[in-house]
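Shown next, in structure tokens, is the structure this report addresses.
The values are calculated or read from the model by the stated rules, or taken from the named source; none is laboratory data. Predicted model only: the values in this text are computed from it and were never measured. A quick note on method: Cβ atoms are made from the backbone with ideal geometry, for glycine too, and the neighbour counts reach across all protein chains shown. All accessible areas refer to the heavy atoms of the entire protein, side chains included, with ligands and DNA or RNA removed. Shrake-Rupley method; radii C 1.70, N 1.55, O 1.52, S 1.80 Å.
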Amino acid sequence: QLVALLTALAAGFGVLVLAPGTALLAGGLVLAGIAVSPMLIVHFDLIRAAAPADLAMEAFSWVSALGYGGGAAAAAAAGAAIDRHGADAGFLAAAAMAATAAVVAASMSRAAVEPISRCPPAAP
């Protein structure tokens, strides 16, 4: 599900490059926007399934912090692309980042989302 939603997000951003007018631009934004909420739900469900119950809050905090940091870096990269090459470069950057996330998600094995076992405590 996550791969399909990330692919839809990338496709929505990719269509924006081809938009000759506002109608197709709006359609691409709707496609990308529709994918965001279910993608986040699947993403957080995977975290919930992988993290031990007593570490769930920490797991969500780490993933959220990394997500916001990645989003900030992506916004900076897209902004730089727009400054140098115009709006289409920003749409391409967003599509490329979403497509990269889809490839990474597709390459992850099912074992990556199996519940994480606790390490035994260190010897004193």
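Structural remarks
- If you filter the stretch 88-107 down to residues that are surrounded by 12 or more Cβ atoms within 10 Å (Cβ to Cβ) and either over 20 Å from residue 36 (Cβ atoms) or among the acidic types (Asp, Glu) (or both), you find that the one that is modelled with the highest pLDDT is 89.
- Hey, residue 78 assigned to a helix (DSSP H, G or I) and closer than 21 Å to residue 107 by Cβ or not: no
- Filtered residues of the stretch 30-51 (kept if open to solvent by 30 Å² or more (accessible area, probe 1.4 Å) and more than 12 Å from the chain's Cα centre (by Cα)): 30, 31, 33, 34, 45, 46, 48, 49
- Residues that are free of Cβ contacts under 8 Å to residues at least 40 places away in the same chain and either of a type in the set (A, V, I, L, M) or open to solvent by less than 30 Å² (accessible area, probe 1.4 Å) (or both), drawn from the stretch 13-27: 15, 18, 19, 23, 24, 25, 26
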